[in-house]
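The values are calculated or read from the model by the stated rules, or taken from the named source; none is laboratory data. Predicted model, so just to flag it, every value in this text is computed and none were measured. All Cβ positions, even for glycine, are placed from backbone atoms using ideal geometry, and neighbour counts span all protein chains on display. Accessible surface areas use protein heavy atoms only, side chains included; no ligands, DNA or RNA. Shrake-Rupley method; radii C 1.70, N 1.55, O 1.52, S 1.80 Å.
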Amino acid sequence: MNRFPPPPPGAERRQHARHDVVVSVEVAHDDTIAIASLTNISHGGAFLEIDDCEAIAIGIRVRVQIEAGGHEATADGRVVRVTAGAQPGFAVTWTAPTASLAAIVDHLIAEVARAPAAATA
């Protein structure tokens, strides 16, 4: 018997901590290629802000081209959430993480960790 009640709807279910970043990326879906801003990332997925989300729907597959800190990766993902309003965009879960994607995520996380120290120096 489970001693703990189930989490409430919308509760945090991520396995990987998210890290706020700002990186311009290229997103491809079918024959469409667009530029988006990757605003947070983890080893499990990311959130991408993009002005025109009309072609984006939960469940579609996207390919994200990321370049940061001398690293480059093409990451395949599945859209798990789409938001409209002040910050339109979508969340993806990585479907086939690679070593090159892990290297970029690690680099971006390290940059975020260094940022407060640089701001106070």
Probe of 1.4 angstrom, ligands and nucleic acids ignored: what's the accessible area per residue over segment 48-121, in square angstrom? 56
Which distance in nm do the two modelled labels at A17 and T98 give, with both placed 7 Å along the Cα-to-Cβ direction? 2.8
In whole Hz, the Karplus estimates of ³J(HN,Hα) for segment 34-50 (6.51, -1.76, 1.60; θ = phi - 60°; x where Gly or Pro) are 9, 9, 9, 9, 7, 10, 8, 8, 8, 6, x, x, 7, 10, 10, 8, 8
